[in-house]
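Taking it in order: structure first as structure tokens, then the write-up.
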Amino acid sequence: MVSITTQCNAQTLPKFYENFLSGKRHLTSAEIEILKASNKNSDSSWQNVWVDENEFNPELISGCEIYGTLVVGKLKKISLKYHDLVLDAGLYDSYLENIVIGDDSVVRNVRYLSNYRIGDRDILFNIQEMSCTNHSKFGNGIIKDGEPEKNRVWIGVGNENDNRAVLPFEDMIPADAYLWSKYRDDAELQQKFIHLTEYGQSKELNTYGIVGNDVVIKNTTLLKDVKIGDGAYIKGAFKLKNITICSSEEEPSQIGEGVEMVNGILGYASKVFYQAVAVRFVIGRNCQLKYGARLLNSVLGDNSTISCCEILNNLIFPFHEQHHNSSFLIASTLCGQSNIASGATIGSNHNSRAPDGEMFAGRGFWPGLCSDFKHNSRFASFTLVSKGSYQYELNIQYPFSLVSSNNDGKEITIIPAYWFIYNMYAVARNKSKFTSRDKRVTKVQHIETDPLAPDTMQEVEVALRRIIELTAKYLVEQNDEKALAAKDKDELYQVAKDFLHQNPKADFMMVDKSSQKKYGAVIRKPVRAYKEYRKISKYFAVRCLIEYCDRTGKESLSSSDLEYISSLPLSTKWANVGGQIIPEPKLAELFTAIKECSIQNWQQVHEFYDICASEYEDWKLSYALNLLEKLYSRPIAEFTKEIFEDIQRDVALVNEEMYGSALVSRMKDFDDEFRMITFRNAREMDAVLGSIMDNEFLSEMGPKTKEFDSKLKKIFVNLSC
């Protein structure tokens, strides 16, 4: 039955309807009579019903209540199918108020549909309420005319006291959130970030809901103030309010059963399922949130998966994994490629009565089962933390290290360069692993997945200096004659450095008081770590030089190549900006441009990131050459044949160890006695686990190792004469 009432005539249509009236017309008398045939009330005006001028079948509107303005696109007898759901196009048994509907769509059993623009070939089926207020922001951190500032939605990342809070916006990526949350001491810059967010946004109270083309929404309770992109699929959601669902035919997003999402942005190709909850959030591209996970006041980077756990007040860069019901993560900034194990409780306590503690971890943060930490804590990149309760604040300055608790509440133990000594397989595989998992079609956020990059190498430099300083202290405590005879700190530093070079097999332990509050840390295998850090630094530097030769079609470097590389801009300080590695001086340039208004919106900021990405290889190359010079304490023009041979020897060793250690590390999964005890025989084990010969990464790594070694032998030929 059709019951139609109107509150306005065609002459008083709101201006924004003009965009939808092209190719539309009023109803004919015959069409009105067909509609009236099932209508008990026949005293309605039809002037505000507009239909397609060529294809409109009035028989396909039935059982609806229509109020305000209705604009209908092509409507003919066809069926729409999505998986097993097949429905005839048309409007049935629904309440429609101020609605624009595109071509060949289905609206069936929608109990309340108000102020929406529905696209083409959409299916809206079994929905309790779907409405949009005229002041909706769709999760963006803006306010409309006449609204108080308190109505603005902020996301309190990185700290529970909200003093690192950022404003969400539809195009936000982790790089934006990082800059906004990190540089809080620049008040002018902070104010400009608000202006960037508001740039081009309408403040008028004339907002209407948007549903793109080829969208399916079924069996859903509430959608209020929701903007939905093309190709999205929403099934059984509980509550969606003030959000944008970014979706396209190439990168469709999905929301499933029992989901509640309020105040935020869902990225392209992302999926939220099974009673998950997100409140005040930005979720990046190709992410999954499922199995009751709770994401609150957080920004989650691309290619991340969150299951079961609780995440509160966090800024998380791309490639984050957290799958366990017994883990939670609070008030932290994690720089990506992280994995939070079951029982890890991060943010469980603080060092003051206020909830103002926080944690910062570089790339590759990996806490073990049932580990807990006290804020404030900081971790260098690729820190592996073993199971334990860490009762005091931590400051781990050694990248690629293993941190262990002695379970006595006192000193912790750190093995620097642990990954290089015992787990080279993980280092070698890291880049290819994450590259293969990156399913984004459009890659706005640039992501460095190589463990050996300028951000980690600068941490290696810090670790090397720290080991030398602690060795100097150790030698003094051991009454070493040369150490005691040193005239000043610089001479003592050189004595310690010489000791590390001249005693490669020395085995002792040192104490680093700065690694843990109150009790400090025991540093194990410092000489081995020093050696490994230096070797990996040389490997990184030479690999950059080989990549330069590959790009320029050369086999060997020449003096003119070195002059060119030396002329490139040099930065020795780098920042991980949402996953992209950028020299800190370039960030200063960006901030200046923002404050001078030559950059006025976030799109222009993203273009700046793109420029940085295009120049990254040159910047990295310059840094690599500088790193070699620092390792040998002289300019490369003064390198002797012996130095080049030393470099080649160490780099060849690392190259060989990467493949050999990777092979050995992986082989342990197949020939370990206890690994085999649950299988009847080797054939059953192969059927379940596969064989090492099936490992695609290792099969590709062998030829690449030989190719690198061949290039290594040629690269310094013209320089070592």
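Every read-out reported here was derived from the displayed coordinates using simple, explicitly stated rules and does not represent laboratory data. Note that the structure is a prediction, hence the values are computed from the model and not measured. No Cβ is skipped: glycine too gets one built from the backbone with ideal geometry, and neighbour counts run over all protein chains shown.
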**Asked** Rounded, prolate or oblate: which fits segment 132-334, taking a ≥ b ≥ c as square roots of the Cα gyration tensor eigenvalues, rounded meaning a/c under 1.5, else prolate when a/b beats b/c?
**Response** oblate
**Asked** If you rank Leu315, Leu394 by fewest surrounding Cβ atoms within 10 Å, what's the result?
**Response** Leu394, Leu315
**Asked** Given H placed on each backbone N at 1.01 Å, which residues far from Val385 in sequence or on other chains put an amide H within less than 5 Å of it?
**Response** Trp366, Gly368, Val403
**Request:** Treat each spin label as a single point 7 Å out from the Cα along the C-beta direction, and report the Tyr632 to Cys597 distance in nm.
**Result:** 5.3
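Given a Förster distance of 56 Å, report the FRET efficiency between Leu85 and Asp356 from their Cβ-Cβ distance, rounded to the nearest 0.05. Intermediate results must be reported in sequence, preceding the final value.
Values: r = 50 Å, r/R0 = 0.89.
The formula returns an efficiency of 0.65 here.
Pop the C-beta distance of Asn126 and Leu653 into the FRET formula with R0 = 60 Å and round what comes out to the nearest 0.05. Don't jump to the answer; show the numbers that get you there.
Working: r = 65 Å, r/R0 = 1.09.
It comes out at approximately 0.35.
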**Complete:** Amide H proximity to Ser248 below 5 Å, modelled H, separation 5+ or other chain, gives Ser253, Ala269
**Asked** Asp145 versus Asn19, label points 7 Å from Cα toward the beta carbon: distance in nm?
**Response** 1.7
**Request:** Starting from the Cα gyration tensor of segment 504-551, take the square roots of the eigenvalues, sort them a ≥ b ≥ c, and report rounded, prolate or oblate (rounded when a/c is under 1.5, otherwise prolate if a/b is larger than b/c, else oblate).
**Result:** oblate
**Prompt:** Expressed in nm to one decimal, what extension gain is obtained for the pair Ile677 and Asp498 from 0.36 nm per residue of sequence separation less their Cα-Cα distance?
**Reply:** 59.5 nm
**Request:** Measure out, as a whole number of angstrom, how far apart the alpha-carbon centroids of segment 583-611 and segment 427-468 sit.
**Result:** 23
**Mean-position separation - Cα centroids, segment 165-181 and segment 253-328, in angstrom** = 16
**Prompt:** Given 0.36 nm per residue, what is the gain on full extension from Lys554 to Lys487 after removing their alpha carbon distance, in nm?
**Reply:** 19.3 nm
**Request:** Could you work out the per residue convex hull volume over the alpha carbons of segment 38-187, in cubic angstrom?
**Result:** 192
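Are any of the pairs Lys374/Lys535; Lys137/Lys439; Lys144/Lys235; Lys374/Lys433; Lys439/Lys538; Lys241/Lys290 more than 26 Å apart by Cα-Cα distance, and if so, which?
Values: Lys374/Lys535 34 Å; Lys137/Lys439 29 Å; Lys144/Lys235 31 Å; Lys374/Lys433 31 Å; Lys439/Lys538 32 Å; Lys241/Lys290 18 Å.
Distance filter (> 26 Å) returns Lys374/Lys535; Lys137/Lys439; Lys144/Lys235; Lys374/Lys433; Lys439/Lys538.
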**Complete:** Cα-based Rg then Dmax for the chain, in Å, read 30.9, 109
**Complete:** Residues whose modelled amide H sits under 5 Å from the amide H of Trp50, counting only those 5 or more places away in sequence or on another chain, are Leu70, Val71, Val72
**Request:** For segment 398-418 and segment 516-535, compute the distance between their C-alpha centroids and round to whole Å.
**Result:** 9
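Translational diffusion coefficient of segment 525-596 at 10 °C, 1.306 mPa s, Stokes-Einstein with Kirkwood Rh over Cα pairs, in µm²/s as a whole number.
Working: Rh = 15.2 Å.
Stokes-Einstein gives a translational diffusion coefficient of 104 µm²/s.
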**Prompt:** aspartates and glutamates near Lys150 by alpha-carbon distance under 19 Å, same-chain residues fewer than 8 away left out - which ones?
**Reply:** Glu160, Asp162, Glu198, Glu204, Asp225
**Prompt:** By how many nm would the segment from Lys239 to Gln47 grow when fully extended, if each residue of separation counts as 0.36 nm and the alpha-carbon distance is taken off?
**Reply:** 65.6 nm
